[in-house]
1. Counting only residues that are modelled with pLDDT under 95 and hydroxyl-bearing (S, T, Y), which one in segment 438-458 is surrounded by the most Cβ atoms within 10 Å (Cβ to Cβ)?
2. Is there any pair linking a residue in segment 433-453 that is on the phi < 0 side of the Ramachandran plot and more than 13 Å from ligand 2 (Cβ to nearest atom) to one that is in a loop (DSSP other than H, G, I, E, B) and of a type in the set (K, R), with Cβ under 9 Å and at least six apart or on different chains, and which?
3. If a residue has to be touching a residue at least 40 places away in the same chain (Cβ under 8 Å) and more than 9 Å from ligand 3 (Cβ to nearest atom) to count, how many in segment 334-364 make the cut?
4. Residues to consider are T223, T234; find the one that is surrounded by fewer than 23 Cβ atoms within 10 Å (Cβ to Cβ) and either over 25 Å from P161 (Cβ atoms) or of a type in the set (V, I, T) (or both).
5. So, in segment 21-52, exactly how many residues are in contact (Cβ under 8 Å) with a residue 60 or more places away in the chain and in a helix (DSSP H, G or I)?
6. So T142 clears everything in (1) under 25 Å from V47 (Cα atoms); (2) more than 16 Å from ligand 3 (Cβ to nearest atom); (3) among the β-branched types (V, I, T) except one condition, right? Which one?
7. Which residue is nearest to D164 (Cα to Cα), if the candidates are limited to segment 88-108 and must be away from ligand 3 (no atom under 16 Å from the Cβ) and among the hydrophobic types (A, V, I, L, M, F, W, C)?
8. Could you give me the residue pairs with C-beta distances under 6 Å whose first residue belongs to segment 394-419 and is surrounded by fewer than 22 Cβ atoms within 10 Å (Cβ to Cβ), whose second residue is of a type in the set (K, R) and in a helix (DSSP H, G or I) wherever it lies, and which are 6+ apart or on separate chains?
Amino acid sequence: MGAANGYANGKVAYSQPELSKYEKVVEFIMHRFRFLFVVPFLLPLGVVYNWFFELRNWFVFNINSAPKAHDRKVQRVQAQVRRWNESGQKTKMCTARSGWLTMSFRFPLYKQSMTQIRTDTLIDILEIDEEAMTVRVEPMVTMGQITRFLIPRGFTLPIVPELDDLTVGGMINGCGVEASGKKYGMFQHICQSYELVLADGSLVTAKKIEGKPVNQEESEMHTLFFGIPWSHGTIGLLTAATIRIIRCRPFVKLVYYPTNTLDEMKLRLNAEAENKENEFVEALMFNKDKGCVMRGRFSDGPLDKTGVINRIGRWYTKWFYTQVEDIVDDGKVVTQFIPLRDYYHRHSKSIFWELKEIVPFGNNVLFRWFCGWMCPPKISLLKATTPPTLRKLYDRQHVLQDMLVPMDQLTKTIEVFHEEVEIYPVWVCPFRLPSCPGMLRQRSGASQMFVDVGAYGVTLKKDYHPQETTRRLEAFVRSVKGFQMLYADTYMTRAEFWEMFDSSIYDWLRAKYNCRKAFPDVYDKVCKAARY
Ligand SMILES: Cc1cc2nc3c(=O)[nH]c(=O)nc-3n(C[C@H](O)[C@H](O)[C@H](O)COP(=O)(O)OP(=O)(O)OC[C@H]3O[C@@H](n4cnc5c(N)ncnc54)[C@H](O)[C@@H]3O)c2cc1C
Ligand SMILES: NC(=O)C1=CN([C@@H]2O[C@H](COP(=O)(O)OP(=O)(O)OC[C@H]3O[C@@H](n4cnc5c(N)ncnc54)[C@H](OP(=O)(O)O)[C@@H]3O)[C@@H](O)[C@H]2O)C=CC1
Ligand SMILES: CC(C)=CCC[C@@H](C)[C@H]1CC[C@H]2C3=C(CC[C@]12C)[C@@]1(C)CC[C@H](O)C[C@@H]1CC3
């Protein structure tokens with residue numbers, strides 16, 4: 001993923017740096033022995049960081065300062081935006097969130113030239129409404145914070161994206177998927193309203209109106225509601241979100257179905273995704289043929305001694321995906337009861353399958369028993385301490401992509417991923433995409449089953465080239481009316497981007513709410529040239 005050196009005929013031209021012998025040696029040492037820094041330093045630092053914020057959040061919520069403080073914090077955001085207006089709108093705006101904190105391999109280049117609006121104090125869960133079955137949270141609240149707050153109260157979000165440090169603001173302005181998406185869609189589809197500060201500093205609440213809007217303002221707030229997801233903060237600054245909650249049970253009864261061919265996996269995945277009894281469905285592919293479809297349902301736990309409880313969240317347990325691989329190797333259908341919060345964060349301990357690259361012995365039984373309680377290292381700390389030499393190595397051979405395609409294109413998509421990058425495991429997560437307006441619009445008029453195909457890791461393909469390979473993947477995804485998750489590197493030109501995404505509401509809202517001077521276009525925040 002070399003540095004952009006300009007456009008040629010609408011194509012982004014990237015150069016690949018050549019390495020000297022010295023650089024190759026340094027790279028090898030840094031890559032192979034990175035654990036000497038991560039294990040003794042980053043792991044303990046991450047534990048202290050988490051303990052501090054857990055204590056702080058418990059204290060704030062229990063002295064109930066969050067709801068009262070919220071208005072004051074929002075007024076501070078409004079004041080910053082008004083100051084931007086009064087100073088002549090000389091630059092565009094973005095949030096002041098530091099790039100090392102964001103859940104992406106890349107750092108935002110665009111922030112350096114923009115007026116950064118501080119939203120970092122908006123980190124509180126504001127209230128839970130058990131009548132309306134909703135929870136109101138500020139945008140910097142993380143998925144880990146929400147599950148720790150809701151589950152002990154017998155509730156959960158319908159969709160809890162996997163990694164602890166994902167924020168509500170990122171899940172709404174970017175996107176969020178999880179195994180319960182087969183029932184509830186994407187993170188944006190479980191939201192009921194967004195509180196936003198617009199370019200003029202005004203505070204509005206965009207919400208979905210059931211039935212006919214009673215007036216023009218309601219109709220516009222309804223349209224604004226559909227325009228926010230995926231807009232990456234280029235229409236307004238999110239200051240709170242009201243999100244659906246559902247009752248949950250303490251366990252997930254998880255059934256593992258090993259599959260031996262891609263077609264078998266596809267058939268099983270489709271059947272389980274369409275089965276309304278299932279709450280969660282995902283699959284892992286361990287090579288082009290062998291995989292495992294997993295389906296989960298809420299449960300109070302085993303009815304008798306024969307039921308197996310698998311507390312995968314315990315510090316000493318094997319990494320979840322390796323346990324699944326063992327089940328695939330054994331070939332038998334397995335049923336387990338997994339504590340709900342453990343299930344939600346099942347891939348977190350191993351950062352999907354990325355931690356093996358950093359701590360090769362991380363899944364070793366001795367390491368797990370003695371150091372497992374500090375795992376996983378915080379992604380933000382890993383990101384902040386990735387030396388340039390390693391970044392170049394990741395640029396050259398590390399793939400991080402999630403492509404969202406219609407379910408009937410799954411087989412072809414896996415084949416294209418195999419052809420282009422051949423990285424395993426592949427994460428396969430079905431989700432329902434409703435037919436509603438917005439950047440992510442499918443035109444069938446009814447909701448359609450999509451699937452997230454995620455590839456994260458080192459490619460062994462000799463002819464892999466970050467820009468050319470990714471552009472081929474992007475072209476394929478566009479051809480099947482799919483979408484690329486925009487945390488990942490996107491090499492699409494502007495025209496290709498707006499072929500993949502729908503700009504009708506987006507452009508209308510940007511015009512209506514005077515966003516063009518206030519915020520960059522979403523393409524100018526996510527394209528490869530906007531990040532490093
Ligand atoms: C040029 C232009 C001018 C606009 N002017 C206004 C305006 O004055 N006021 C305003 O409020 N909005 C305005 N909008 C936004 C408009 O509300 C959205 O683009 C709307 O989603 C268009 O719906 P559609 O049926 O035309 O097609 P699509 O957006 O493709 O909608 C697909 C399907 O989604 C569903 N759907 C569509 N709209 C909604 C909705 N609002 N809520 C829930 N489901 C929906 C329907 O099933 C529809 O068939 C404008 C948009 C454009 C492009
Ligand atoms: N399971 C899943 O679904 C996973 C999803 N992801 C990816 O992670 C991303 C989210 O990462 P996260 O670190 O939480 O979010 P980020 O801080 O990366 O924010 C993502 C985008 O949303 C914008 N944004 C964030 N908060 C606000 C706000 N309050 N108001 C306006 N705009 C805002 C940011 O704008 P700005 O640049 O101005 O800060 C940025 O463009 C998602 O986009 C998703 O693609 C990653 C892993 C797993
Ligand atoms: C489930 C979905 C939709 C996406 C999962 C994406 C994650 C696997 C990646 C998102 C950010 C990535 C980072 C890394 C690994 C993979 C992600 C978590 C690193 C930790 C890899 C090592 C580097 O030194 C730092 C990276 C930070 C971002």
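1. S447
2. Close Cβ pairs (under 9 Å, with a partner that is in a loop (DSSP other than H, G, I, E, B) and of a type in the set (K, R)) amount to L433/R441; S435/R441; S435/R443; C436/K208; Q442/K481; R443/K481.
3. Of the residues in segment 334-364, 18 are touching a residue at least 40 places away in the same chain (Cβ under 8 Å) and more than 9 Å from ligand 3 (Cβ to nearest atom).
4. T223
5. 17
6. So T142 meets the others, but not (2).
7. Among residues in segment 88-108 that are away from ligand 3 (no atom under 16 Å from the Cβ) and among the hydrophobic types (A, V, I, L, M, F, W, C), the one nearest to D164 (Cα to Cα) is A96.
8. Once the first residue is surrounded by fewer than 22 Cβ atoms within 10 Å (Cβ to Cβ) and sits in segment 394-419, its partners that are of a type in the set (K, R) and in a helix (DSSP H, G or I) give T411/K266.
The values are calculated or read from the model by the stated rules, or taken from the named source; none is laboratory data. Keep in mind that what you see is a predicted model, and the values were worked out from it rather than measured. Counting neighbours? That spans all protein chains shown, and the Cβs are built from the backbone with ideal geometry, glycine included. In case anyone asks, the SASA skips ligands and DNA or RNA and just uses the protein heavy atoms, side chains included. Shrake-Rupley method; radii C 1.70, N 1.55, O 1.52, S 1.80 Å.
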